[in-house]
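Here's the structure we're looking at; comments come further down.
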Amino acid sequence: MQISFKNKNVLVTGGTRGIGAATVKLFRSLGANVTFTGRSHPIVADGYYCIDFSDLASLGDFVRDIDILVNNAGINAINPINDFLDSDWDKIVGVNLTAPYKIIKAVTERMKAKRSGKIINVSSIYGLVGKSYRAGYCASKFGIRGLTVAVAAELAEYNILVNAVAPGFTLTDLTTRILGPDGIDRVSETVPMGRLAQPEEIANTIIFLASDLNTYISGQTITVDGGFTNV
């Protein structure tokens, strides 16, 4: 079966860079009508909305006519628990967990009426295992798993499939800037496959879950980490 998203309306949050940008590009190459969001005002592109998901009032009506939702937008802050700012906690949980919850509420009314839909929430390996100094991020990503399984159970009768993807270390511009070449080499040594994922490899998994090839997978978290969490 050839994958096609012709006449499908897709929403990808956090679609301006990294995994999100790769996902937008791949959906469009397969015929989808893609709406995507980001926080960068200078971007001018068809289907782009500048949204700050720490401000949920900025959600617009564009979220309501969607066949496939990819909740990808996310933020992080790194600090010891005793130094972790309450404001950072609120912002991380707001963007990473509360916003996906709100968007799911908005898109599923139409999906239920059509008795069809796909929702993919982007989690993280740190929604599977813990990591020091990332209390807010881990809490939000573990929460995404809970949100995924609960909503999957509720919406199954409407033929709406809800899953999560948990990427491991991925070679994005942000990762390259933060780690540098030496840091990337060190991280790569901890991954059984000996390298970081390419954003397109995460996008391929999202595409599969969103496609007509997936008719029965729901409530699952698919880990794409080169074997990292198994060693």
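The table below lists the values:
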| read-out | value |
| --- | --- |
| Criterion (more than 27 Å from residue 64 (Cα to Cα) and either charged (D, E, K, R) or touching a His at 6+ places or on another chain (Cβ under 6 Å) (or both)) met by exactly one of 112, 105, 131 | 131 |
| Of all residues in the range 16-52 being modelled with pLDDT of 95 or more and part of a loop (DSSP other than H, G, I, E, B), the one that is surrounded by the fewest Cβ atoms within 10 Å (Cβ to Cβ) | 31 |
| Residues of the range 99-125 classified as at pLDDT below 95 and closer than 19 Å to residue 202 by Cα, total | 0 |
| Positions within the range 168-191 being surrounded by 11 or more Cβ atoms within 10 Å (Cβ to Cβ) and under 13 Å from residue 228 (Cβ atoms), in sequence order | 168, 169, 170, 187, 188, 190, 191 |
| The lone exception for residue 119 - which of (1) under 17 Å from residue 8 (Cα atoms); (2) assigned to a helix (DSSP H, G or I); (3) not hydroxyl-bearing (Ser, Thr, Tyr) it fails | (2) |
| Checking residue 62 against (1) under 21 Å from residue 36 (Cα atoms); (2) modelled with pLDDT of 95 or more, the condition it does not meet | (2) |
| Candidate set from the range 147-197 (those that are assigned to a loop (DSSP other than H, G, I, E, B) and touching a residue at least 60 places away in the same chain (Cβ under 8 Å)); member that is nearest to residue 123 (Cα to Cα) | 168 |
| Residues of the range 188-231 classified as under 20 Å from residue 159 (Cβ atoms) and β-branched (Val, Ile, Thr), total | 5 |
| All positions within the range 122-146 that are of a type in the set (Phe, Trp, Tyr) and either assigned to a helix (DSSP H, G or I) or within 15 Å of the chain's Cα centre (by Cα) (or both) | 126, 137, 142 |
| Test: residue in the range 197-205 that is farther than 17 Å from residue 20 by Cα, buried (at least 17 other Cβ atoms within 10 Å of the Cβ) and out of contact with any His (no Cβ under 8 Å at 6 or more places or on another chain) | no |
| Candidate set from the range 147-159 (those that are of a type in the set (A, V, I, L, M, F, W, C) and closer than 19 Å to residue 99 by Cβ); member that is nearest to the chain's Cα centre (by Cα) | 147 |
| Residues (in a loop (DSSP other than H, G, I, E, B), in contact (Cβ under 8 Å) with a residue 12 or more places away in the chain and hydrophobic (A, V, I, L, M, F, W, C)) located in the range 67-107 | 73, 75, 77, 78, 84 |
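The values are calculated or read from the model by the stated rules, or taken from the named source; none is laboratory data. In this text the structure is predicted, and so the values were computed from the model without any measurement. Here the Cβ is made from the backbone with ideal geometry for all residues, glycine too, and neighbour counts use every protein chain on show.
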